[in-house]
Amino acid sequence: MNAAIGDRKRAKRSGSIVAVIIAGALLAACQSSGPSGELATIDTAQGSQQNIASLTSVIQRNPQDPEAYNVRGSAYGRGGKYQDALKDFNKAIELKPNFYQAYSNRALIYRFLGDQNAALADYNRAIQLDPNYDAAYIGRGNLYRRAGQVTQAFNDFQKAIQLDTTDARAYHNRGLIYQSQGQHALAIEDFSMSISKSPDSPEPYNGRGLSYLAMSDDENAFADFNQAIRLDGRIAESWANQGLVYEKRGEKAKAAKSYQQAVRLDPNYKPAVDGLARTKAG
(Lines give C-alpha, C1' and ligand atoms only; values in the text may rest on other atoms or scores of the structure.)
Protein backbone atom coordinates (compact mmCIF):
# COMPACT_ATOMS: atom_id res chain seq x y z
CA MET A 1 0.00 0.00 0.00
CA ASN A 2 2.72 2.47 1.03
CA ALA A 3 4.76 1.57 -2.07
CA ALA A 4 1.75 2.23 -4.30
CA ILE A 5 1.19 5.62 -2.65
CA GLY A 6 4.89 6.42 -3.13
CA ASP A 7 4.67 5.52 -6.83
CA ARG A 8 1.65 7.75 -7.31
CA LYS A 9 3.42 10.63 -5.57
CA ARG A 10 6.50 10.18 -7.73
CA ALA A 11 4.36 10.04 -10.88
CA LYS A 12 2.51 13.18 -9.84
CA ARG A 13 5.77 14.96 -9.07
CA SER A 14 7.22 13.85 -12.40
CA GLY A 15 4.12 15.06 -14.22
CA SER A 16 4.39 18.44 -12.51
CA ILE A 17 8.03 18.77 -13.53
CA VAL A 18 7.15 17.94 -17.14
CA ALA A 19 4.39 20.56 -17.06
CA VAL A 20 6.84 23.20 -15.83
CA ILE A 21 9.34 22.24 -18.54
CA ILE A 22 6.67 22.49 -21.25
CA ALA A 23 5.58 25.86 -19.87
CA GLY A 24 9.17 27.08 -20.21
CA ALA A 25 9.32 25.88 -23.81
CA LEU A 26 6.01 27.60 -24.58
CA LEU A 27 7.34 30.85 -23.12
CA ALA A 28 10.44 30.63 -25.31
CA ALA A 29 8.28 29.91 -28.36
CA CYS A 30 6.29 33.08 -27.77
CA GLN A 31 9.42 35.12 -28.51
CA SER A 32 9.54 33.87 -32.11
CA SER A 33 8.85 36.12 -35.06
CA GLY A 34 6.92 33.93 -37.40
CA PRO A 35 7.46 32.13 -40.68
CA SER A 36 10.75 32.80 -42.45
CA GLY A 37 11.68 35.75 -40.26
CA GLU A 38 10.44 39.31 -40.54
CA LEU A 39 13.04 40.81 -42.84
CA ALA A 40 11.98 38.44 -45.61
CA THR A 41 8.53 40.06 -45.47
CA ILE A 42 9.68 43.59 -46.24
CA ASP A 43 7.32 44.65 -48.99
CA THR A 44 9.28 44.68 -52.24
CA ALA A 45 8.80 43.34 -55.72
CA GLN A 46 12.19 41.82 -56.49
CA GLY A 47 14.59 43.21 -53.92
CA SER A 48 15.59 39.84 -52.54
CA GLN A 49 16.65 38.57 -55.95
CA GLN A 50 18.59 41.55 -57.18
CA ASN A 51 22.09 42.65 -56.52
CA ILE A 52 22.67 45.91 -54.64
CA ALA A 53 24.92 47.11 -57.46
CA SER A 54 22.24 46.59 -60.10
CA LEU A 55 19.67 48.36 -57.91
CA THR A 56 22.07 51.26 -57.49
CA SER A 57 22.39 51.45 -61.26
CA VAL A 58 18.62 51.68 -61.54
CA ILE A 59 18.61 54.58 -59.07
CA GLN A 60 21.41 56.34 -60.93
CA ARG A 61 19.33 56.17 -64.09
CA ASN A 62 16.13 57.18 -62.28
CA PRO A 63 17.11 59.26 -59.23
CA GLN A 64 13.53 60.49 -58.71
CA ASP A 65 11.94 57.04 -58.64
CA PRO A 66 10.64 56.28 -55.12
CA GLU A 67 9.96 52.63 -56.00
CA ALA A 68 13.64 52.08 -56.77
CA TYR A 69 14.69 53.41 -53.35
CA ASN A 70 12.07 51.24 -51.66
CA VAL A 71 13.34 48.12 -53.42
CA ARG A 72 16.99 48.85 -52.66
CA GLY A 73 16.11 49.73 -49.07
CA SER A 74 14.46 46.32 -48.78
CA ALA A 75 17.55 44.62 -50.14
CA TYR A 76 19.75 46.54 -47.69
CA GLY A 77 17.43 45.52 -44.86
CA ARG A 78 17.70 41.86 -45.75
CA GLY A 79 21.46 42.22 -45.78
CA GLY A 80 21.49 43.71 -42.30
CA LYS A 81 22.57 47.16 -43.54
CA TYR A 82 19.93 48.96 -41.52
CA GLN A 83 21.29 52.49 -41.77
CA ASP A 84 21.53 52.23 -45.56
CA ALA A 85 18.01 50.82 -45.65
CA LEU A 86 16.76 53.70 -43.50
CA LYS A 87 18.28 56.27 -45.86
CA ASP A 88 16.60 54.67 -48.86
CA PHE A 89 13.18 54.48 -47.21
CA ASN A 90 13.56 58.10 -46.10
CA LYS A 91 14.28 59.08 -49.70
CA ALA A 92 11.37 57.02 -51.02
CA ILE A 93 8.99 58.79 -48.61
CA GLU A 94 10.47 62.19 -49.44
CA LEU A 95 9.76 61.55 -53.12
CA LYS A 96 6.34 60.00 -52.48
CA PRO A 97 4.82 61.19 -49.18
CA ASN A 98 1.87 58.77 -49.40
CA PHE A 99 4.08 55.72 -49.97
CA TYR A 100 2.50 53.50 -47.33
CA GLN A 101 4.63 50.44 -48.19
CA ALA A 102 7.81 52.44 -47.54
CA TYR A 103 6.45 53.60 -44.17
CA SER A 104 5.75 49.99 -43.20
CA ASN A 105 9.18 48.88 -44.39
CA ARG A 106 10.90 51.71 -42.52
CA ALA A 107 8.95 50.79 -39.38
CA LEU A 108 10.55 47.36 -39.35
CA ILE A 109 14.02 48.87 -39.72
CA TYR A 110 13.32 51.28 -36.85
CA ARG A 111 12.31 48.28 -34.75
CA PHE A 112 15.55 46.47 -35.46
CA LEU A 113 17.42 49.66 -34.60
CA GLY A 114 15.62 49.75 -31.24
CA ASP A 115 13.43 52.80 -31.90
CA GLN A 116 10.04 51.31 -31.06
CA ASN A 117 8.24 54.67 -30.94
CA ALA A 118 9.35 55.58 -34.45
CA ALA A 119 8.36 52.11 -35.63
CA LEU A 120 4.88 52.48 -34.16
CA ALA A 121 4.46 55.93 -35.70
CA ASP A 122 5.38 54.57 -39.13
CA TYR A 123 3.01 51.61 -38.87
CA ASN A 124 0.24 53.99 -37.80
CA ARG A 125 1.00 56.24 -40.76
CA ALA A 126 0.99 53.32 -43.21
CA ILE A 127 -2.41 52.20 -41.90
CA GLN A 128 -3.73 55.76 -42.06
CA LEU A 129 -2.67 55.98 -45.71
CA ASP A 130 -4.12 52.57 -46.55
CA PRO A 131 -6.47 51.03 -43.94
CA ASN A 132 -6.46 47.76 -45.92
CA TYR A 133 -2.70 47.20 -45.91
CA ASP A 134 -2.36 43.87 -44.14
CA ALA A 135 1.45 43.94 -43.80
CA ALA A 136 1.28 47.06 -41.61
CA TYR A 137 -1.25 45.45 -39.26
CA ILE A 138 0.94 42.36 -38.95
CA GLY A 139 4.06 44.44 -38.33
CA ARG A 140 2.33 46.63 -35.76
CA GLY A 141 0.78 43.58 -34.15
CA ASN A 142 4.18 42.00 -33.69
CA LEU A 143 5.46 45.25 -32.21
CA TYR A 144 2.58 45.23 -29.72
CA ARG A 145 3.06 41.52 -28.95
CA ARG A 146 6.72 41.97 -28.09
CA ALA A 147 5.79 44.92 -25.87
CA GLY A 148 3.32 42.75 -23.95
CA GLN A 149 0.28 44.60 -25.32
CA VAL A 150 -1.53 41.40 -26.14
CA THR A 151 -5.01 42.79 -26.80
CA GLN A 152 -3.75 45.33 -29.33
CA ALA A 153 -1.57 42.69 -30.97
CA PHE A 154 -4.47 40.24 -31.24
CA ASN A 155 -6.70 42.90 -32.78
CA ASP A 156 -4.10 43.71 -35.43
CA PHE A 157 -3.54 40.07 -36.40
CA GLN A 158 -7.31 39.59 -36.44
CA LYS A 159 -7.70 42.60 -38.73
CA ALA A 160 -5.09 41.26 -41.17
CA ILE A 161 -6.88 37.90 -41.24
CA GLN A 162 -10.23 39.63 -41.84
CA LEU A 163 -8.57 41.36 -44.82
CA ASP A 164 -7.91 37.85 -46.25
CA THR A 165 -4.16 38.19 -45.87
CA THR A 166 -2.00 35.59 -47.58
CA ASP A 167 0.79 36.29 -45.05
CA ALA A 168 1.34 33.26 -42.82
CA ARG A 169 2.66 35.46 -40.00
CA ALA A 170 -0.82 36.72 -39.13
CA TYR A 171 -2.00 33.20 -38.29
CA HIS A 172 1.29 32.18 -36.69
CA ASN A 173 1.39 35.20 -34.38
CA ARG A 174 -2.29 34.95 -33.45
CA GLY A 175 -1.59 31.28 -32.71
CA LEU A 176 1.20 32.32 -30.34
CA ILE A 177 -1.24 34.53 -28.46
CA TYR A 178 -3.81 31.74 -28.20
CA GLN A 179 -1.00 29.45 -27.05
CA SER A 180 0.13 31.89 -24.34
CA GLN A 181 -3.46 31.95 -23.06
CA GLY A 182 -3.67 28.17 -22.91
CA GLN A 183 -6.14 27.99 -25.82
CA HIS A 184 -4.22 25.23 -27.54
CA ALA A 185 -6.98 23.95 -29.81
CA LEU A 186 -7.34 27.42 -31.36
CA ALA A 187 -3.56 27.78 -31.50
CA ILE A 188 -3.26 24.49 -33.40
CA GLU A 189 -5.84 25.71 -35.93
CA ASP A 190 -3.87 28.91 -36.51
CA PHE A 191 -0.51 27.15 -36.77
CA SER A 192 -2.05 24.72 -39.25
CA MET A 193 -3.32 27.62 -41.34
CA SER A 194 0.12 29.22 -41.18
CA ILE A 195 1.66 25.96 -42.39
CA SER A 196 -0.78 25.82 -45.31
CA LYS A 197 0.34 29.30 -46.39
CA SER A 198 4.05 28.78 -45.71
CA PRO A 199 4.73 25.01 -45.79
CA ASP A 200 8.51 25.39 -45.89
CA SER A 201 8.73 27.39 -42.66
CA PRO A 202 9.76 25.49 -39.52
CA GLU A 203 8.37 28.02 -37.01
CA PRO A 204 4.67 27.05 -37.19
CA TYR A 205 5.60 23.37 -36.88
CA ASN A 206 7.42 24.17 -33.65
CA GLY A 207 4.49 26.24 -32.44
CA ARG A 208 1.91 23.59 -33.27
CA GLY A 209 4.10 20.87 -31.80
CA LEU A 210 4.28 22.66 -28.46
CA SER A 211 0.51 23.03 -28.33
CA TYR A 212 0.13 19.34 -29.17
CA LEU A 213 2.59 18.59 -26.37
CA ALA A 214 0.63 20.76 -23.93
CA MET A 215 -2.45 18.70 -24.84
CA SER A 216 -0.50 15.45 -24.23
CA ASP A 217 -0.54 14.57 -27.93
CA ASP A 218 3.11 13.52 -27.92
CA GLU A 219 2.95 11.66 -31.23
CA ASN A 220 1.80 14.64 -33.30
CA ALA A 221 4.15 16.93 -31.37
CA PHE A 222 7.11 14.70 -32.17
CA ALA A 223 6.14 14.58 -35.87
CA ASP A 224 5.97 18.38 -36.00
CA PHE A 225 9.33 18.89 -34.30
CA ASN A 226 10.97 16.38 -36.64
CA GLN A 227 9.46 18.14 -39.65
CA ALA A 228 10.80 21.47 -38.36
CA ILE A 229 14.28 19.91 -38.20
CA ARG A 230 13.92 18.48 -41.72
CA LEU A 231 13.00 21.92 -43.05
CA ASP A 232 15.89 23.67 -41.31
CA GLY A 233 18.30 21.82 -39.05
CA ARG A 234 20.00 25.03 -37.93
CA ILE A 235 17.30 26.14 -35.47
CA ALA A 236 18.05 25.41 -31.82
CA GLU A 237 14.39 25.51 -30.79
CA SER A 238 13.49 22.56 -33.03
CA TRP A 239 16.19 20.33 -31.54
CA ALA A 240 15.32 21.39 -27.99
CA ASN A 241 11.66 20.60 -28.63
CA GLN A 242 12.58 17.19 -29.99
CA GLY A 243 14.64 16.65 -26.85
CA LEU A 244 11.62 17.59 -24.77
CA VAL A 245 9.59 14.73 -26.26
CA TYR A 246 12.42 12.27 -25.74
CA GLU A 247 12.75 13.46 -22.16
CA LYS A 248 9.02 13.12 -21.54
CA ARG A 249 9.25 9.54 -22.85
CA GLY A 250 12.08 8.83 -20.44
CA GLU A 251 14.65 8.43 -23.25
CA LYS A 252 17.26 10.60 -21.57
CA ALA A 253 20.23 9.63 -23.74
CA LYS A 254 18.37 10.65 -26.92
CA ALA A 255 17.07 13.77 -25.21
CA ALA A 256 20.60 14.75 -24.20
CA LYS A 257 21.79 14.41 -27.81
CA SER A 258 18.98 16.65 -29.04
CA TYR A 259 19.61 19.25 -26.35
CA GLN A 260 23.33 19.09 -27.08
CA GLN A 261 22.71 19.87 -30.74
CA ALA A 262 20.47 22.78 -29.75
CA VAL A 263 23.16 24.18 -27.44
CA ARG A 264 25.74 23.78 -30.20
CA LEU A 265 23.54 25.90 -32.47
CA ASP A 266 22.67 28.47 -29.80
CA PRO A 267 24.63 28.33 -26.51
CA ASN A 268 22.26 30.92 -25.01
CA TYR A 269 18.99 29.10 -25.71
CA LYS A 270 17.85 28.46 -22.13
CA PRO A 271 15.40 25.57 -22.69
CA ALA A 272 18.24 23.65 -24.38
CA VAL A 273 20.82 24.54 -21.72
CA ASP A 274 18.44 23.54 -18.92
CA GLY A 275 17.37 20.39 -20.74
CA LEU A 276 20.95 19.27 -21.27
CA ALA A 277 21.72 19.84 -17.59
CA ARG A 278 18.71 17.78 -16.55
CA THR A 279 19.35 14.85 -18.87
CA LYS A 280 23.10 14.74 -18.32
CA ALA A 281 22.56 14.81 -14.58
CA GLY A 282 20.13 11.93 -14.88
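Taking label points 7 Å from Cα along the Cα-to-Cβ direction, residue 152 and residue 98 give a separation of 2.7 nm. Excluding same-chain neighbours fewer than eight residues apart, the lysines reachable from residue 159 by a Cα-Cα span under 25 Å are 197.
Remark: the residue 231-residue 192 segment gains 12.5 nm on full extension, using 0.36 nm per residue and subtracting the alpha carbon distance. Measuring nothing but protein heavy atoms, the accessible surface of the stretch 201-244 at 1.4 Å probe radius is 43 percent carbon and sulfur.
Taking all protein chains together and a 1.4 Å probe, the residues 279, 56 rank 56, 279 from largest to smallest accessible area.
Couplings for the stretch 172-186, taken from phi via the Karplus curve 6.51 cos²θ - 1.76 cosθ + 1.60 with θ = phi - 60°, read 4, 6, 5, x, 4, 5, 4, 4, 5, 9, x, 8, 6, 5, 5 Hz in order; Gly and Pro are left as x. Computed 3J(HN,Hα) for the stretch 115-120, one whole-Hz value per residue from the Karplus formula 6.51 cos²θ - 1.76 cosθ + 1.60 where θ = phi - 60°, is 9, 5, 5, 5, 4, 4, glycine and proline marked x. When +1 charges are put on Lys and Arg Cβ atoms and -1 charges on Asp and Glu Cβ atoms, the dipole computed for the stretch 99-198 relative to its Cα centre reaches about 220 debye. Rounded to whole numbers, the Karplus 3J(HN,Hα) couplings from phi for the stretch 213-221 are 5, 5, 9, 6, 9, 5, 5, 5, 4 Hz, using 6.51 cos²θ - 1.76 cosθ + 1.60 with θ = phi - 60°, and x at Gly and Pro. Local charge for residue 235 was computed over the other residues whose Cβ lies under 9 Å away, with Lys and Arg +1 and Asp and Glu -1, and equals -3. Please report the carbon-and-sulfur percent of the accessible area for the stretch 64-178; probe 1.4 Å, protein heavy atoms only, DNA, RNA and ligands left out. Carbon plus sulfur share of accessible area: 43 percent.
The values are calculated or read from the model by the stated rules, or taken from the named source; none is laboratory data. Predicted, not measured: the structure shown is a model, and the values here were computed from it. Virtual Cβ from ideal backbone geometry, glycine too; neighbours counted across all protein chains shown. The accessibility values were calculated without ligands, DNA or RNA, using every heavy atom of the protein model including side chains. Shrake-Rupley method; radii C 1.70, N 1.55, O 1.52, S 1.80 Å.
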